[in-house]
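**Student:** This is the structure I have questions about; it appears just below.
The values are calculated or read from the model by the stated rules, or taken from the named source; none is laboratory data. As the structure is a computational prediction, the values presented were derived from the model and not from experiment. Here Cβ is always computed from backbone atoms with ideal geometry, including for glycine, and neighbour counts include all displayed protein chains. Areas reflect the complete protein model, heavy atoms only, side chains present, ligands, DNA and RNA absent. Shrake-Rupley method; radii C 1.70, N 1.55, O 1.52, S 1.80 Å.
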Amino acid sequence: MERVDFSVPIFVDGGALAVRARSPVQRLADLNGRRVAVIRGTTTERALTSALGVADVQATVVPVAKPEEGAAAVREGRADAYAGDRIVLTQMMQRSGDALAVLPEDFSFEPYAIVVRRDDPDFRLAVNRALVAIYKRGDIDAIFQRWLAPLGKPSALVNAMFYLNALPD
């Protein structure tokens, strides 16, 4: 937000963990003394570090450059988990069909929005009005079905965001 501005949220997700199927790691606390891969410099890395600190979990963070490297680190035993946005993990697993599982617990809140220029409030207002109209008319349901339904049902948080973004004019 120091360099750019953002629209109202268009999606919300959470940081989650992918592990090998039948892994003893079933929640964040189970990472104590283990290794977790994460893409360096991301909001997920910051959120993971914070969540590990809050839970008083001593885990070794293994930096990777992209999601496929994180998944490979788990499959090959170089990491016990890979941390990323839940939707990215779900999509990655559906594409690869490997034996990874995404744990049900999120360790962060990750809002998505459209990036707009910081010095153009009129454009941001136009974008926000268009988005609010989509939410108000219910057009967001068809958009979700087209692009995201194959990844699963919308979470309660996503549904709440759709309703909350139907702001009055």
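**Student:** Within region 49-75, can you find the residues that are out of contact with any helix residue (DSSP H, G or I) (no Cβ under 7 Å at 6 or more places or on another chain) and assigned to a loop (DSSP other than H, G, I, E, B)?
**Tutor:** Once the filter is applied, which keeps residues that are out of contact with any helix residue (DSSP H, G or I) (no Cβ under 7 Å at 6 or more places or on another chain) and assigned to a loop (DSSP other than H, G, I, E, B), region 49-75 yields D56, Q58, A65, K66.
**Student:** Among the residues that make up region 76-87, is at least one of them within 16 Å of A18 (Cβ to Cβ) and without any contact (Cβ under 8 Å) to a residue 40 or more places away in the chain?
**Tutor:** Checking region 76-87: at least one residue is within 16 Å of A18 (Cβ to Cβ) and without any contact (Cβ under 8 Å) to a residue 40 or more places away in the chain.
**Student:** Any residue in region 137-162 that's under 19 Å from P104 (Cβ atoms): show its pairings with residues that are open to solvent by less than 40 Å² (accessible area, probe 1.4 Å) and of a type in the set (A, V, I, L, M, F, W, C) at Cβ separation under 7 Å, as long as the two are six or more apart or on different chains.
**Tutor:** That search, which allows pairs on different chains as well, returns L151/I87; P154/F144; L157/V12; V158/F11; V158/V12.
**Student:** Here's something else I'd like to know. Please go through region 89-147 and pick out each residue that is open to solvent by less than 40 Å² (accessible area, probe 1.4 Å) and among the hydroxyl-bearing types (S, T, Y).
**Tutor:** T90, S108, Y135
**Student:** Identify all residues within region 64-80 that are surrounded by 13 or more Cβ atoms within 10 Å (Cβ to Cβ) and more than 17 Å from E110 (Cβ to Cβ); write none if there are none.
**Tutor:** V64, E68, E69, A71, A72, A73, V74, R75, R78, A79, D80
**Student:** Then there is this: Of the residues A81, A101, which single one is touching a Leu at 6+ places or on another chain (Cβ under 6 Å) and modelled with pLDDT of 90 or more?
**Tutor:** A81
**Student:** Right, something else. Working only within region 86-109, note down all residues that are in a helix (DSSP H, G or I), more than 14 Å from E69 (Cα to Cα) and either among the basic types (K, R) or in contact with a strand residue (DSSP E or B) (Cβ under 9 Å, 6 or more places away or on another chain) (or both). Before you say what the answer is, go through the steps one by one.
**Tutor:** Residues of region 86-109 that are in a helix (DSSP H, G or I), as a first pass: 86-96.
Right, trim to more than 14 Å from E69 (Cα to Cα) and you get 86-87, 90-91, 94-95.
Answer for region 86-109, where residues must be in a helix (DSSP H, G or I), more than 14 Å from E69 (Cα to Cα) and either among the basic types (K, R) or in contact with a strand residue (DSSP E or B) (Cβ under 9 Å, 6 or more places away or on another chain) (or both): R86, I87, T90, R95.
**Student:** Considering only residues of region 1-48 that are in a strand (DSSP E or B) and of a type in the set (D, E, K, R), which is surrounded by the most Cβ atoms within 10 Å (Cβ to Cβ)?
**Tutor:** Across region 1-48, the extreme among qualifying residues is D13.
**Student:** Only residues that are in a helix (DSSP H, G or I) and open to solvent by 60 Å² or more (accessible area, probe 1.4 Å): list them for region 148-158, please.
**Tutor:** Answer for region 148-158, where residues must be in a helix (DSSP H, G or I) and open to solvent by 60 Å² or more (accessible area, probe 1.4 Å): P150, A156, L157.
**Student:** Any chance region 124-141 includes a residue that's more than 22 Å from D5 (Cα to Cα) and not charged (D, E, K, R)?
**Tutor:** yes
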